[in-house]
1. Mind pulling the angle between the C-alpha long axis of helix 140-149 and the longest principal axis of the chain? Nearest 10 degrees, somewhere in 0 to 90.
2. Under a 5 Å amide H to amide H cut-off, with H placed in plane at 1.01 Å, what residues pair with I157 once short-range neighbours are removed?
3. Give me the lysines in straight-line cross-link reach of K140: C-alpha distance below 30 Å, same-chain residues under 8 apart excluded.
4. Which FRET efficiency value, to the nearest 0.05, is calculated for E58 and D141 with the Förster distance at 45 angstrom and r the Cβ-Cβ distance?
5. What FRET efficiency do you get for R31 and H123 if R0 is 25 Å and r is their Cβ-Cβ distance, rounded to the nearest 0.05?
6. Would you mind computing, in nm to one decimal, how far apart the modelled labels at L172 and A18 are, each placed 7 Å from Cα along Cα→Cβ?
7. Could you give each residue of the stretch 127-139 its phi-based ³J(HN,Hα) in whole Hz, using Karplus coefficients 6.51, -1.76, 1.60 with θ = phi - 60°, and x for Gly or Pro?
8. If you plug each phi of the stretch 171-178 into the Karplus form 6.51 cos²θ - 1.76 cosθ + 1.60 with θ = phi - 60°, what whole-Hz ³J(HN,Hα) values come out, in order, with x for Gly and Pro?
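What follows is calculated from the coordinates using simple rules that are stated; it is not laboratory data. Since the model is a prediction, treat every value here as computed from it, not as a measurement. Neighbour counts run over all protein chains shown; Cβ positions are idealised from the backbone, glycine included.
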Amino acid sequence: MRLFVSIDLPRSLADSVADVQERFGDAAGLRFVDPEQAHVTLKFLGETAEKRVPTVEEALENAVDAARVEPFEATVAGLGTFPSLDYISVLWAGVSAGGTEMTRLHEAVERETTGIGFEAEDHAFTPHVTLARMDDARGKDLVQRLVRESSATEPEIGSFRVDQIRLKRSTLTDAGPEYETVTRFGL
């Protein structure tokens, strides 16, 4: 099964996610994510044997304990791209409040999961919500302009209370990935 660890945005923010995506509606080459499935990925685990799930769950429980993060408020706002504005593969909304706590959770999850044999991340962690993936550069100029015109706090998608992380299963389909929560871990 294909697994990842996330902080899910509440469905009440789905319309706000869709509104921001709509700004990029004329940008050819973008493939938008489902606003109902918006989340911050703390760690992508990849293909994992089902028999390893209890070990992963134990590692995530340890990570939550080690991070010592209490429930907190997070705000999703601002725009960015990976890997850069010159070469865009992902369009994202940033985390303008709550990023420190998310980073502490990510670091604890990273330590615990690499400790049980998962690959270490090969890039720095940036708390973000993926809005779209760029399949080709036809709409690059529009994306660049709109990202440059944004600020760290605008556009704002909204704020929400983070009180758990989730182990999620991702199933790839022709219509896009479908996510299912395997286990929740309270903060």
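1. 80 degrees
2. V76, A77, G78
3. Straight-distance partners of K140: K43.
4. Details: r = 48 Å, r/R0 = 1.07.
Calculated transfer efficiency: 0.40.
5. Plugging the Cβ-Cβ distance into 1/(1 + (r/R0)^6) gives 0.75.
6. With each label placed 7 Å out from Cα toward Cβ, I get 2.7 nm.
7. Those phi angles translate into x, 7, 10, 5, 9, 7, 10, 9, 7, 8, 8, 4, x Hz.
8. Working through the residues one at a time gives 10, 7, 10, 4, 8, x, x, 10 Hz.
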